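Colleague: Let me begin by handing over the structure; questions about it come next.
The values are calculated or read from the model by the stated rules, or taken from the named source; none is laboratory data. Just so it is clear, the structure is predicted and the values come from calculations on it, not from any experiment. Backbone-built Cβ (ideal geometry, glycine too); neighbour counts: all protein chains shown.
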């Protein structure tokens with residue numbers, strides 16, 4: 001998490017979206033709690049989107065083994081300044097492979113083709129940065145990937161500026 005905390009985009013963020021790690025995911029939640037930052041966590045909604053909530057009180061078990069707020073202030077995704085995004089794998093182009101349900105892609109679809117806030121920061125182990133198949137039209141790319149080895153800033157594909 002030290003590389004995340006060094007990012008200018010993270011330092012400037014007033015409202016941060018994050019997650020509580022599950023399985024082998026890197027868990028940013030304890031570090032963010034210790035920093036006393038304004039952090040909203042995802043709540044899985046029945047219609048397949050994520051709702052971000054600044055937790056008030058203890059977290060509750062959610063679907064798929066997640067932990068999520070039971071109550072708190074809702075923050076629309078477009079009002080977040082930066083979002084830490086879990087992943088199964090990512091490539092150097094910023095393409096992300098999640099757990100396959102498409103929650104983050106649907107929630108941040110408004111960013112497709114335009115660099116609007118929030119900044120999407122993938123949190124990964126270095127072994128998770130691998131070549132991936134070509135992205136699908138609905139895949140929302142990451143702006144930054146952070147591993148224990150450093151910071152990767154994906155470059156646009158050749159021909160795109």
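Colleague: Considering only residues that are modelled with pLDDT of 95 or more and loosely packed, with under 14 Cβ neighbours inside 10 Å, look in region 62-91 and name the one that is farthest from the chain's Cα centre (by Cα).
Modeller: 71
Colleague: Do the conditions hold for residue 10, that is, is it surrounded by 17 or more Cβ atoms within 10 Å (Cβ to Cβ) and assigned to a helix (DSSP H, G or I)?
Modeller: Spelling it out, residue 10 is indeed surrounded by 17 or more Cβ atoms within 10 Å (Cβ to Cβ) and assigned to a helix (DSSP H, G or I).
Colleague: Among (1) buried (at least 20 other Cβ atoms within 10 Å of the Cβ); (2) touching a strand residue (DSSP E or B) at 6+ places or on another chain (Cβ under 6 Å); (3) more than 18 Å from residue 40 (Cβ to Cβ), which single condition is residue 94 missing?
Modeller: Result: residue 94 fails condition (2) only.
Colleague: Would you check if residue 59 is surrounded by fewer than 17 Cβ atoms within 10 Å (Cβ to Cβ), modelled with pLDDT of 95 or more and either at negative phi or in contact with a helix residue (DSSP H, G or I) (Cβ under 8 Å, 6 or more places away or on another chain) (or both)?
Modeller: yes
Colleague: For region 1-32, how many residues are farther than 15 Å from residue 85 by Cα and touching a helix residue (DSSP H, G or I) at 6+ places or on another chain (Cβ under 7 Å)?
Modeller: So the answer is 0.
Colleague: Then there's this: Take the residues in region 13-53 that are surrounded by fewer than 14 Cβ atoms within 10 Å (Cβ to Cβ) and in a loop (DSSP other than H, G, I, E, B); name whichever of them is modelled with the highest pLDDT.
Modeller: Only one residue tops the list, namely 14.
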